[in-house]
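Peer 1: Structure incoming, see below.
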Amino acid sequence: MKRIVVAFLTFTLLMSFGVKAQIIDQTPQDGLYQDNGTINAKPIPLPSIRKADIMWSKRIWREIDFRQKMNQPFYFPLEPQQNWKSFITVVLDALKEGTITAYDISNTDELLVPISYSEIIARQTDTLHRMMNRPYPPYDEYDTTIYTEFDPTKVMRLRIKEDWYFDKQRSQMMVRIEALCPVMIKEKNGEEVSEPLFWISYPESRDVLAKALAFNPGNSARRLTYDEIFVKRLFESYIYKEQNVFDRRITQYATGVDAMLESERIKNQMFNFEQFLWQY
């Protein structure tokens, strides 16, 4: 009889633990519908290009500042939520998985030398040796090592390399993004210093960006992808370089307000080129 009672109590305890585990595993629905956070979208198709149809083209380099209001969907969220991740988190995860190839920074901004995810992280891990005083007797100095790990939240800018061209077949000025470069903002001697990390090919990364959701401030039911943001030009940016014979940036021959005016001049020059082709 005692064995039967012990067996019954054991069975009851096991069943109660099983019910509790089952209740814990079933997370409540948080939203209007059940969303597992996955999206299986394809990149937006781009128009085909024939060399014979390109009558004019120019390469432009732009920079997107994530701190501007329109560009904040690139920077947030700081912590991933389901399939909602910041732009740099999406890129770093793809580099870790090997679905995107990163290329080392070069003077010509060409995609020449591939680098791995571990190399990128190792370059941003700083080791600093510093002499410090002991807070207790004896108050002598001792050598300590301070490690600074890579912080993705410091990636606050994005450089874009793109080609503008006039397609005579479509009679339209068009643009094609070629490469992207995340930029970290560091503070040295009280000043902001930009440090580009690596280049990635935009055509190669489109499959990843088309599956990564970004915040849509106008409609939460119609979430945007990072690929849509780039194709639809839903960002604010400024030109920091145009293709030139000296291969120099605007900041190398203009500073301050003059640099801003030069950036606007290049933008207006491309706009006027298309307008002057037509006769009204």
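Every read-out reported here was derived from the displayed coordinates using simple, explicitly stated rules and does not represent laboratory data. All of these numbers come straight from a predicted model, not from anything done at the bench. Using ideal geometry, Cβ is built from the backbone for each residue, glycine included, and neighbour counts are taken over all protein chains shown.
Peer 1: Using each residue's phi in segment 100-108, evaluate 6.51 cos²θ - 1.76 cosθ + 1.60 at θ = phi - 60° and report the 3J(HN,Hα) Karplus result to the nearest Hz, with x for Gly and Pro.
Peer 2: For segment 100-108, the Karplus curve yields 10, 9, 9, 10, 5, 6, 10, 5, 9 Hz.
Peer 1: If you don't mind, there's one more thing I want to ask. Express in nm, to one decimal, how much length is gained between residue 188 and residue 126 on full extension, taking 0.36 nm for each residue of separation and deducting their alpha carbon distance.
Peer 2: Values: separation 62, 0.36 × 62 = 22.32 nm, distance 1.37 nm.
Extending this stretch completely gives an extra 20.9 nm.
Peer 1: Rounded, prolate or oblate: which one fits segment 208-280, using the alpha carbon gyration tensor with axes a ≥ b ≥ c (rounded when a/c is under 1.5, else prolate when a/b beats b/c, else oblate)? Walk me through the numbers on the way to the answer.
Peer 2: Numbers: a/c = 2.56, a/b = 1.68, b/c = 1.52.
It is prolate, given that a/c is not under 1.5 and a/b is the larger ratio.
Peer 1: Starting from the amide H of residue 216, placed 1.01 Å from N in the peptide plane, find each other amide H under 5 Å away whose residue is 5 or more places distant or on another chain.
Peer 2: Answer set, sorted by chain and number: 224.
Peer 1: Which GluC sites (Glu not before Pro) in segment 195-280 pass both tests, a DSSP loop state and at most 12 other beta-carbon atoms within 10 Å? Walk me through the intermediate numbers first.
Peer 2: Details: sites: 204, 228, 236, 242, 262, 264, 274; in loops: 236.
The qualifying sites are 236.
Peer 1: So, in Å, what gap is there between the alpha-carbon centers of segment 70-106 and segment 146-221?
Peer 2: Centre-to-centre distance over Cα atoms comes out at 10 Å.
Peer 1: Residue 186: which lysines have alpha carbons under 23 Å from its alpha carbon, excluding same-chain residues fewer than 8 sequence positions away?
Peer 2: The reachable lysines, counting only those whose Cα sits under 23 Å from residue 186, are 69, 85, 154, 161, 241.
Peer 1: Another question, if that's okay. Suppose a student asked you for the relative contact order of segment 49-121, using Cα pairs under 8 Å spaced at least 6 residues apart; what percent would you report?
Peer 2: 15 percent
Peer 1: Please compute the modelled spin-label separation between residue 176 and residue 232, points set 7 Å along Cα→Cβ, answer in nm with one decimal.
Peer 2: Those two pseudo-labels are separated by 2.3 nm.
Peer 1: Mind giving me the nanometre distance, one decimal, between the label points for residue 219 and residue 82, set 7 Å out from Cα along Cα→Cβ?
Peer 2: 1.8 nm
Peer 1: What does the extension gain come out to for residue 154 and residue 67, with contour length at 0.36 nm per residue minus their alpha carbon separation?
Peer 2: Values: separation 87, 0.36 × 87 = 31.32 nm, distance 1.11 nm.
Extending this stretch completely gives an extra 30.2 nm.
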